[in-house]
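Worksheet for the structure shown next.
The values are calculated or read from the model by the stated rules, or taken from the named source; none is laboratory data. Because the structure is a prediction, the values reported are computed rather than measured. Note that we place each Cβ from the backbone using ideal geometry, even for glycine, and neighbour counts take in every protein chain shown. Quick note on the areas: whole protein, heavy atoms, side chains included, nothing else; ligands and nucleic acids left out. Shrake-Rupley method; radii C 1.70, N 1.55, O 1.52, S 1.80 Å.
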Amino acid sequence: MQKKAISYLRFSHEGQSNSSIERQELITSQWAERMNVEITDTFADAGHSAKTFDRPDFQKLQDFIKQHHRSVDYLIVDQMDRFSRDAGEALSMIKKLQSKYSIQVVSATEGITFDYHTPGSFFRAGLQFLLAEEDNINRASKINAGIYTAKAKEGRYIYGHAPFGYKFEGQGKSRHLVINEEQAKVVTYIFNAYLTNTPDYIIRERAAHMGLKHKGNSVVKDFLTNPIYAGHQVVKPYKDLPGGIFPALHKGIVDMETWSMIQQRLKGGGMERVIIDDNLPLRGVLKCHCQKPLTGAPSRGRHGKYYLYYKCRHKGHNNISATKAHEQLHEILKYMSLPQRLVAAIKDQSEKMLQERMKDNRANLSRSKRDMEELEQQLYSVEEKYIKNQMAAETYHRWLKDLTRRRVEVKSRIERFSKNGDSTWKLLSDHLSKLTDLQYVYNQADTLKKQELIRLGFDNELYYEDKTYRTPFVLPIFEHNLLT
Ligand SMILES: [Zn+2]
């Protein structure tokens with residue numbers, strides 16, 4: 001009786017042409033003709049990688065074998081690694097087919113009929129598979145080396161889709177990311193909104209309104225943590241070369257310092273930084289009767305509208321409407337306005353205070369600048385050592401990370417000390433004649449200056465209790481108004 005076979009054909013790599021399948025069909029049918037075996041069915045598996053058996057057509061093949069194994073003697077493939085690139089997995093499949101269903105696997109190209117009971121044949125099958133597997137490992141290794149070079153050394157963006165906020169320009173190796181201005185507006189909004197403590201769901205709502213299609217609860221965090229937006233990218237380590245965040249060729253939408261700072265904040269540690277929100281100028285300045293600075297945030301009212309509130313972290317303490325608090329402050333400022341004859345006095349007094357503070361700031365500033373120079377020197381020498389191969393990649397990377405973090409800290413210190421005193425000084429000297437009208441001064445000032453004014457005027461002790469402001473301290477020159 002003529003023996004019967006089924007053949008199994010497969011694209012060996014994705015995107016391979018049909019001629020490969022035709023060739024496999026030819027080879028397997030030639031073997032069948034030569035051996036006088038009838039092929040009763042053919043299974044073709046297209047477009048899946050040979051890594052595992054978890055493929056739809058292989059599943060169909062197995063179902064077929066389960067049902068019809070009594071009328072099948074051989075399973076023909078053109079080459080052994082059609083089965084799987086995992087040698088062990090393929091061998092156990094061959095073993096199973098033979099022991100359970102009495103079906104022998106044939107490799108038509110190699111002219112081998114695998115017989116699990118004949119050690120020589122089985123050994124050869126093993127060898128075939130191991131060779132295929134090694135080929136696979138080599139290919140993966142070459143690809144990984146290429147990815148590492150392209151990303152870490154050349155700074156190229158190698159993926160098929162441009163990230164939101166960017167588009168591709170150029171072709172082939174010169175293809176690169178450029179900023180997509182429309183989308184970049186959304187990205188900028190997300191970063192700024194986060195920095196001003198906008199609640200996550202509001203950021204998502206507005207970003208969607210601006211045209212962001214990405215959905216999901218983590219979408220804001222996904223944007224904030226992606227170094228692509230700071231002109232960098234994540235590179236996986238390759239062999240003994242370090243992985244990490246590497247500079248890329250494309251321009252960032254936010255700067256690296258801001259990005260690093262945000263990562264620290266997301267981790268919940270690192271630098272304390274007062275977040276400035278123009279709608280909540282008293283946040284961080286106005287304190288609860290328990291001495292804690294009040295926080296400020298929007299909350300949803302009965303009709304779905306958002307209202308701004310200042311509140312204490314402690315339950316049952318202050319929770320006051322920002323609008324009301326601002327109105328009350330205006331009243332106070334009106335009473336605190338000065339008669340002309342006292343302008344000279346306040347000028348004197350504030351000048352002294354400011355000079356003190358600016359002296360401090362100047363000292364801090366030059367100290368910070370020295371720190372920065374030192375850090376840069378260190379960074380330079382670490383890089384030099386690494387380039388001259390006097391330092392291991394891992395050590396270099398640890399240093400780099402540490403120095404970068406410290407630079408971010410020092411830089412934000414420099415920023416703080418270079419503006420603080422100057423802007424307050426400018427405010428005072430610009431508006432000195434207007435000091436008779438403190439309300440006016442307050443309204444003219446931007447949020448940072450408003451806060452400075454409140455801190456100065458009440459010496460950091462402006463409290464809220466029982467629906468009103470309280471302070472144990474007012475600059476003495478204001479007292480005349482409050483007493484009358
Ligand atoms: Zn409190």
Listed by first then second residue, the pairs whose first member lies in the range 390-413 and is outside any helix (DSSP H, G or I), whose partner is open to solvent by 40 Å² or more (accessible area, probe 1.4 Å), with beta carbons under 7 Å and at least 6 positions apart or on separate chains, are Met391/Lys385
Of the residues in the range 195-205, those that are touching a strand residue (DSSP E or B) at 6+ places or on another chain (Cβ under 8 Å) and either crowded, with 19+ Cβ neighbours inside 10 Å or assigned to a helix (DSSP H, G or I) (or both) number 1
When the range 211-255 is checked residue by residue, the ones that are part of a loop (DSSP other than H, G, I, E, B) and surrounded by 14 or more Cβ atoms within 10 Å (Cβ to Cβ) are Leu212, His214, Asn226, Gly231, Pro237, Pro242, Gly243, Ala248, His250, Gly252, Ile253, Val254
Within the range 365-395, the count of residues that are open to solvent by less than 40 Å² (accessible area, probe 1.4 Å) and at pLDDT 85 or above comes to 6
The residue that is farthest from the ligand (Cβ to nearest atom), considering only those in the range 282-317 that are surrounded by 11 or more Cβ atoms within 10 Å (Cβ to Cβ) and polar (S, T, N, Q), is Ser299
All conditions in (1) over 25 Å from Ser299 (Cα atoms); (2) open to solvent by 70 Å² or more (accessible area, probe 1.4 Å); (3) in a helix (DSSP H, G or I) are true of Asn192 except (1)
Restricting the range 71-121 to residues that are of a type in the set (Lys, Arg) and part of a helix (DSSP H, G or I), the one modelled with the lowest pLDDT turns out to be Arg82
Of Arg455, Arg470, the only residue that is exposed (fewer than 15 other Cβ atoms within 10 Å of the Cβ) and at pLDDT 70 or above is Arg470
Restricted to the range 333-343 and to residues being open to solvent by 40 Å² or more (accessible area, probe 1.4 Å) and modelled with pLDDT of 70 or more, the residue farthest from the chain's Cα centre (by Cα) is Tyr335
task: Would you mind stating whether Ala50 is modelled with pLDDT under 70, of a type in the set (A, V, I, L, M, F, W, C) and assigned by TED's automatic domain parsing to the domain that holds Asp115?
output: yes
Here the residues within the range 161-189 that are within 18 Å of Lys221 (Cα to Cα) and open to solvent by 70 Å² or more (accessible area, probe 1.4 Å) are Lys185
